[in-house]
């Protein structure tokens, strides 16, 4: 009875090691997988790389497959499968993270006219190169009577994956799987799922073997719910064999543990522009110093308290709603369950929302102070006959007007504020 499994001949190992090394030098390699030196077995083989451990296991219901390390060239491992009338088990590759396989090479296809047909599952390659007269596509190999012996195939640039399987066929009653394998990978940054308005991680400036470049968009935006694709471009003089992109998903607050304990909203970064709705919720507190401009909506939920601090302003024509409740992910208007004064007190604690611009003393003798809870951008003081007495740009919440050179009488003070308001007041010098 013929043996089910045969070990590779030494000349085949030497030839393959030479070819693997020569091909490797022609490509812009990302990271070469180095296979561990394991005893001959029917279970699988492992490899160690910078991302952890890659496991290759025999899976499925076929006959056992035998795994061989190649100590003289650890970039290669070899299998032999069932030689009689039954298919071999499949090969499943499992990574500890998402990677792009930049090159996956399988050699010695159709050795001895045995059937080495197989297909891939859970992976898509964008390119393939093969020996002349071969039978390879981006989805696998189909061996036929005209397939050259010892065929060499290179699959290039996979989609991001963390596992895939080689499914061996049984098209003519036999499966051989007397094959050599080598692989190069590019590690991808692990971002994970982010929460709405959370602080995003920085996109890495370096990939793979110190490949440096930039991303487009340049930074992760968590103010938009949904999935965004970010593309990597190497710096001049550096090369990545395959296109690189990652998908980043931002979930709404209140979903899948996206409820943060506390939020502090400040101006101008957290101001709400005309036409926008700002939905915020926390499991503890919200402290607001920001502006909700005319035509904008702010809806804030906090389990314990919402504090409107000095600087908070809900402009005329805006809508602001605050609810003492935890995270729900639902931002709709509602009536209070009861006139609970404790809840009302929680909502308005330390509220100092300006009703108007302050100008004092008025009348004044030597100076007058002007104050506003938002930054003042411009002050214009004119006499009653239209003469300009003062025109000043600034970025402050208060300003002292020196009246020492002003004649007694009435003056018009016009202020442009950081929240887009223009306010006019009368000032009397005596």
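A short reminder: the numbers here are calculations on the coordinates, not readings from a lab. Since the model is a prediction, treat every value here as computed from it, not as a measurement. Glycine gets a Cβ as well: all are built from the backbone with ideal geometry, and neighbour counts include every protein chain shown.
Observations on the structure shown:
- Segment 47-168 has equivalent-ellipsoid semi-axes of 22, 18, 14 Å, by the square roots of 5 times the alpha carbon gyration tensor eigenvalues, sorted largest first.
- Considering only the Cα atoms of segment 207-251, their convex hull presents on average a projected area of 3.4 nm².
- Calculated on C-alpha atoms, the gyration radius of segment 358-429 divided by its Kirkwood radius gives an Rg/Rh of 0.94.
- Rounded to two decimals, the Cα radius of gyration of segment 262-324 over 2.2 N^0.38 Å is 0.99.
- Highest mean packing comes first when the peptides 375-388, 268-281 are listed by Cβ atoms within 10 Å, giving 268-281, 375-388.
- Taking every C-alpha pair closer than 8 Å and separated by at least 6 residues, the mean separation divided by the residue count of segment 358-429 gives a relative contact order of 36 percent.
- Residue list for segment 356-383, given a label point 7 angstrom along the Cα-to-Cβ vector of residue 405 and an amide N cut-off under 15 Å: 367, 381-383
- Label-to-label distance for residue 163 and residue 238 is 3.2 nm, based on points extended 7 Å past Cα in the beta-carbon direction.
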